[in-house]
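Notes follow once the structure below has been shown.
The values are calculated or read from the model by the stated rules, or taken from the named source; none is laboratory data. No experiment lies behind these values; they were computed from the predicted model shown. Cβ atoms come from the backbone with ideal geometry, glycine included; neighbour counts cover every protein chain shown.
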Amino acid sequence: MKRTRVVCMAGVVGALAISDFFPQARAEQADSLVPGEVAAQALGTYVGTSDLKDPETPSQKGTVGLYEISIYAPLPLYENDAWQWFAGPFYEMHRFTFDGIENLDDFTLYSAAVSAGAIYTGLDRWELAASLTPGFFTDFRKTDSEDFKTLFHGTASWQCSKPVRLVGGVAYDTAFGKDELYPVGGVRWDPTPSLSLQLVLPEPVVVWAPSDGLILHAHLLPAGGMWNVRDTTHESREYDFKEESWRAGIGAELRVGGSVWVHLSGGMDFEREYRIENSDEDYLLKSAVDDTWYVRAGVVLR
């Protein structure tokens with residue numbers, strides 16, 4: 001199966017944050033150097049320590065650090081001339097380490113889910129894709145129904161000419177720091193076999209493959225999330241941990257043998273805000289967070 005991975009939009013080479021949910025879109029040209037299929041990935045991200053302010057005492061500054069682990073392995077279930085069906089595990093771990101903020105613990109947050117979906121190519125010049133990702137988004141200190149949610153992504157794309165494909169759809173997920181339904185749309189233009197401009201919001205990416213064993217890319221993506229958490233210092237009350245941020249950077253993937261690629265990327269993490277709040281608008285944390293850098297590395301199988 002030749003396909004590129006997509007979450008909320010056209011395929012993204014780079015396997016970054018919001019792109020961890022489902023594959024989509026077959027390679028448009030048989031001679032394209034831009035590889036499509038992603039069979040599995042294991043990636044780690046480190047975000048540089050940055051300043052924030054104590055919500056109760058703004059003059060008292062603290063710091064926060066973050067590192068992440070992401071594992072995604074969509075498995076093909078069935079394929080014919082028109083359909084591709086797949087399902088597989090989706091796992092992320094986010095470790096937030098706070099320093100200098102009184103009565104605020106470190107948080108280890110998990111996204112443990114199963115992503116299942118399908119791609120349909122039975123209509124002339126059209127491609128339809130949809131994915132459901134039910135699972136738990138929580139700190140796992142005490143798990144109940146509030147920790148469970150189902151994310152959804154769906155797109156339709158139309159090939160209006162050989163190098164140009166229009167993409168539109170909807171997504172329901174937490175990429176902007178809250179449960180939210182939002183539109184997806186844009187254009188994918190492959191002017192040469194080695195260059196792909198996937199200008200689909202909210203996650204545009206430009207991919208250049210100077211050879212069949214090397215991919216270079218530039219990307220912009222929302223990198224937020226929301227998890228249900230318990231605070232052990234406040235009678236185990238339930239809160240929502242809401243992270244808002246954007247990441248912009250560059251990266252590369254190098255084939256090291258067969259279907260194994262090594263991934264490395266990095267850039268800036270900006271427009272950041274962290275909130276830990278409950279339904280009564282009681283805040284453990286409500287703070288803008290300074291811009292910082294990030295780096296991501298791991299292995300991708302294609």
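Quick notes on this structure:
- Verdict on Ala112 being among the aliphatic types (A, V, I, L, M) and within 27 Å of Ser196 (Cβ to Cβ): no
Here is a yes/no grid of residues against (1) of a type in the set (Asp, Glu); (2) surrounded by fewer than 18 Cβ atoms within 10 Å (Cβ to Cβ); (3) part of a strand (DSSP E or B):
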{"residue": "Gln84", "(1), (2), (3)": "no, no, yes"}
{"residue": "Pro89", "(1), (2), (3)": "no, yes, yes"}
{"residue": "His94", "(1), (2), (3)": "no, no, yes"}
{"residue": "Thr97", "(1), (2), (3)": "no, yes, yes"}
{"residue": "Glu102", "(1), (2), (3)": "yes, yes, no"}
{"residue": "Ser115", "(1), (2), (3)": "no, no, yes"}
{"residue": "Leu123", "(1), (2), (3)": "no, yes, no"}
{"residue": "Pro134", "(1), (2), (3)": "no, yes, yes"}
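- Qualifying residue in segment 288-296 (condition: among the aliphatic types (A, V, I, L, M), surrounded by 15 or more Cβ atoms within 10 Å (Cβ to Cβ) and more than 30 Å from Glu238 (Cβ to Cβ)): yes
- Of everything listed in (1) touching an Asp or Glu at 6+ places or on another chain (Cβ under 6 Å); (2) farther than 21 Å from His153 by Cβ, the single unmet condition for Ser245 is (2).
- Residue match in segment 184-196 (condition: among the aliphatic types (A, V, I, L, M), surrounded by fewer than 22 Cβ atoms within 10 Å (Cβ to Cβ) and under 21 Å from Lys242 (Cβ atoms)): no
- Those residues of segment 199-213 which are of a type outside the set (D, E, K, R), more than 21 Å from Ala248 (Cβ to Cβ) and not in a strand (DSSP E or B), in sequence order: Gly213
- Number of residues in segment 267-302 that are under 17 Å from the mean Cα position of the chain (by Cα) and of a type in the set (Lys, Arg) equals 2.
- Among the residues of segment 48-56, not a single one is modelled with pLDDT of 95 or more, crowded, with 19+ Cβ neighbours inside 10 Å and of a type in the set (Ser, Thr, Tyr).
- Filter result for Asp212 (more than 29 Å from Glu243 (Cβ to Cβ), in contact with a Leu (Cβ under 6 Å, 6 or more places away or on another chain) and not aliphatic (A, V, I, L, M)): yes
- Residue that is farthest from Glu127 (Cα to Cα), among those in segment 73-90 that are in contact with a Phe, Trp or Tyr (Cβ under 7 Å, 6 or more places away or on another chain) and without any contact (Cβ under 8 Å) to a residue 12 or more places away in the chain: Leu77
- Test: residue in segment 269-292 that is out of contact with any Lys or Arg (no Cβ under 9 Å at 6 or more places or on another chain), basic (Lys, Arg) and in a strand (DSSP E or B): yes
- The set of residues in segment 91-144 being at pLDDT below 95 and among the aromatic types (Phe, Trp, Tyr) consists of Phe98, Phe107, Phe140.
- Residue match in segment 277-292 (condition: at pLDDT 95 or above and aromatic (Phe, Trp, Tyr)): no
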